[in-house]
Structures are given as C-alpha cells and as structure tokens.
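Down below is the structure, laid out as structure tokens.
The values are calculated or read from the model by the stated rules, or taken from the named source; none is laboratory data. No experiment lies behind these values; they were computed from the predicted model shown. All Cβ positions, even for glycine, are placed from backbone atoms using ideal geometry, and neighbour counts span all protein chains on display. Each accessible area value is taken on the protein alone, full model and side chains, heavy atoms only, with ligands, DNA and RNA left out. Shrake-Rupley method; radii C 1.70, N 1.55, O 1.52, S 1.80 Å.
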Amino acid sequence: MDYYECYKKARDRAWQILIRYRVSALPVDVFRICEASGVNVITYESGRELITRFNLERHTENDGFSAKINGRYIIFYDSCIQPPGRVRFTVAHEMGHIALRHIAGNATAWNRGENATNDPQEMQANVFAARLLAPACVLMELNIQNADELQAATGLSYTAAKIRLERLNALRERGKFYLSPLERQVYKNFENYINNIR
C-alpha cells in the first residue's frame, strides 16, 4: 500500500469513529470513545500486575502501548507524561493501532525511535490520532488561525497543535475540504457546535 493509501485509510477510519460515536464537540473525549468501543484504558501504575504477568515491561519505556489480552484490547499509558495533551494524543494513537487492526496477539508499542517515521503503522496511528482529535473541517469552520487557538480548541499539546495547523493551512491553500462523504458527515455532527462557537 502506498503512502497516500495508508494515509487515507487512517484518515477515513478516524472520521468513521467520530461518526459512529456521534462526537459533536471539541475537545474530543478520546477516553469516552475508548469506553464506548470496549477498549480499556489504564495507567502503567494501575496495570502493573497485567504488564508483569504478560511480560510487557519493555513497552513501558514509551508514553503508551496497546495490547490484546484474553481477547480484550487494552491501552496502557504513562500518566506522568506532560503536557496533558500528550496523554490524549498517546491514547488516540494507540486507539488508531486498534482501529486499524495493527494488533494481533502482540502488544504494539508507540515507537518514538528514529525509525518511527518510516514505519507505515506508526504513521497511520499518528494520522488517525490527529484527525480524530482535530478534524480539519471543524478547525476550518471555526477559522482557527494559529497554534494557540488550535491547542485551546482541541486540547492537543502545543507541538501537536503546530503540526496540525501546518496541515490545516495546506488544506486551505488547496481547497481540499468536503470531498469525502465521510468528512461531510463529520461536519454535520459538529454543525451545532460550530454555529454556537462562531
């Protein structure tokens, strides 16, 4: 699968999740979505017994990881990571691994190493997380102009907000909104929220 197909699959899956769980306001509550979809989300501290029993300690060097244990998906995360927006992105990233079916029986760690940007599954999980937490059509309709506004609206970290703003501006320049029926449905979900904010 080429880069654009990987990207599109992750983007569309994020939109489908927003639609399925009737998300209609920012910031997106990724913990509620996980709960509604049957994915358990627990801190490293709370999950210590499971982490030890299933020999997953090596993954705790990362901000978070996901695993399928006894047929159930679990996202583990480090509650000490800062800023708090990074926790939300970590959980959304791991949810992306689950939603995109990257996990079989093994744990999938968030690979923050040098090869992470070359790993198609890591790229897809990042695309999924960014589109889930900060859908571009909503940001465009809210006329978000800078990273501070984007961070305030979405709850992303400032670093993630800057990256998302770059993509939003590229989409604005190219006029690439509402080409997909999925994106049009995402907008419909958020329409009341957008009108109340304007």
Inset, instruction - Starting from residues that are part of a helix (DSSP H, G or I) and modelled with pLDDT under 90, keep the ones in the stretch 85-120 and report whichever is least open to solvent (accessible area, probe 1.4 Å). - result: Ala116
Legend entry - Tally of residues being in contact (Cβ under 8 Å) with a residue 40 or more places away in the chain and either within 20 Å of Leu150 (Cβ to Cβ) or among the charged types (D, E, K, R) (or both) across the stretch 67-96: 9
Legend entry - Considering residues of the stretch 143-160 that are in contact (Cβ under 8 Å) with a residue 24 or more places away in the chain and touching a helix residue (DSSP H, G or I) at 6+ places or on another chain (Cβ under 6 Å) only, the residue most open to solvent (accessible area, probe 1.4 Å): Tyr158
Inset, instruction - Please state which of the following conditions Lys68 fails to meet, knowing it meets all the rest: (1) of a type in the set (D, E, K, R); (2) exposed (fewer than 15 other Cβ atoms within 10 Å of the Cβ); (3) under 24 Å from Gln121 (Cβ atoms). - result: (2)
Inset, instruction - Hey, can you tell me all the residues within the stretch 22-61 that are surrounded by 16 or more Cβ atoms within 10 Å (Cβ to Cβ) and among the β-branched types (Val, Ile, Thr)? - result: Val23, Val28, Val30, Ile33, Val39, Val41, Ile51, Thr60
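Could you list, in sequence order, the residues of the stretch 1-45 that are of a type in the set (D, E, K, R) and part of a loop (DSSP other than H, G, I, E, B)?
Correct list: Asp2, Arg22, Asp29, Glu45.
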Inset, instruction - Can you run down the residue pairs with Cβ atoms below 7 Å, 6 or more apart or on separate chains, where the first is in the stretch 170-196 and of a type in the set (Lys, Arg) and the partner is outside any helix (DSSP H, G or I)? - result: Arg184/Tyr178
Legend entry - Glu183 being open to solvent by 50 Å² or more (accessible area, probe 1.4 Å), at negative phi and either modelled with pLDDT of 95 or more or not in a loop (DSSP other than H, G, I, E, B) (or both): no
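From the set of residues in the stretch 141-190 that are of a type in the set (Asp, Glu) and over 15 Å from Trp15 (Cα atoms), which is nearest to the chain's Cα centre (by Cα)?
Among them, the one singled out is Glu166.
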Inset, instruction - Take Arg131 and decide whether it is open to solvent by less than 80 Å² (accessible area, probe 1.4 Å), out of contact with any Phe, Trp or Tyr (no Cβ under 9 Å at 6 or more places or on another chain) and touching a residue at least 24 places away in the same chain (Cβ under 8 Å). - result: no
Inset, instruction - Could you tell me which numbered condition Phe128 fails, if it satisfies all but one of (1) in contact with a helix residue (DSSP H, G or I) (Cβ under 8 Å, 6 or more places away or on another chain); (2) not in a helix (DSSP H, G or I)? - result: (2)
